[in-house]
Amino acid sequence: MGLERQHDLNNNEDENTCYPKKAPPGYLDDLINKIRPKDPSSQLEMAHRKVFSILAIVLLASMMFILMGYTLPSADLSENIVNSSYTAVPLKASGEHVALINNESADDPTWNELISFLKADDTDRVIYDENSSVSPDFAERLHNNAEKAGIRAAFVVVDFYDNDEVYALNAFKTTDKGLTYVDCTGSDVKLQELDSFDKIAYVEKGKKYGIISIYYTNSPEYEFYKSRKNHFLRRGFYEEKGYVDNINVCWEST
């Protein structure tokens, strides 16, 4: 009986509840994977993906913001085509209106002809004084001197977004380099014999009013001004004025 009972127990081992059934193949591996902590490198990769997605969204939003014209309050910078006349001409220091004298036989100069005229002209040597000579006085004088010399000139008025100044200068249509702005407003101190305050002005709507001495420039283009401004050897530069709002050019007598 003892051997027989032992034999029966052995034969019924799989059916006896005291003996657990064998797990199916792969069961334990699946169970371990469920309770095992996630791989830290995988979590880090997911975090990197989230950060990258956020940065991409921010960059895209920034580009759209710039393209929509919010770099400056001026919006459409293509509107640099200026009016042919301007009625609100600022007064001279004396309180008198500007009087432009045109020469019907005056012609547009080349760039070199304009620079030669500016070097010979003495408008820039007049001392700037709020009681006697301000920007309209200088612009009127240079205009009339240029016309007298046979060079067609314009009287220009600009105002700014970020200050209340109304400023006067001149413009010339050079035959080889196009529209050129000239600012000959003088210094508030007497210039030495070899000093000069003749300047090429860089004027575009919505951008800073820039100025470079005629001795350190060979282009009237604003892109030239920007490239020179960022150069480590920046020579011949004058202090910038504000962001230009309106540009008004008068080629006719007022």
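Quick look at the values:
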| quantity | calculated |
| --- | --- |
| Of residues in segment 202-249 being small (Gly, Ala, Ser) and out of contact with any helix residue (DSSP H, G or I) (no Cβ under 9 Å at 6 or more places or on another chain), the one modelled with the lowest pLDDT | SER227 |
| Test: residue in segment 137-159 that is within 18 Å of ASP245 (Cβ to Cβ) and surrounded by fewer than 19 Cβ atoms within 10 Å (Cβ to Cβ) | yes |
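Residue by residue, here is whether (1) farther than 23 Å from ASN248 by Cβ; (2) in contact with a helix residue (DSSP H, G or I) (Cβ under 7 Å, 6 or more places away or on another chain); (3) not assigned by TED's automatic domain parsing to the domain that holds TYR243 holds:
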site	(1), (2), (3)
SER116	yes, no, no
ASP124	no, no, no
TYR128	no, no, no
VAL134	no, no, no
ASP137	no, no, no
ASN163	no, no, no
LEU169	no, yes, no
LYS190	yes, no, no
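The values are calculated or read from the model by the stated rules, or taken from the named source; none is laboratory data. Because the structure is predicted, anything quoted here is derived from the model rather than measured. Because the Cβ atoms are built from the backbone with ideal geometry, glycine has one as well, and the counts that use them run over all protein chains shown.
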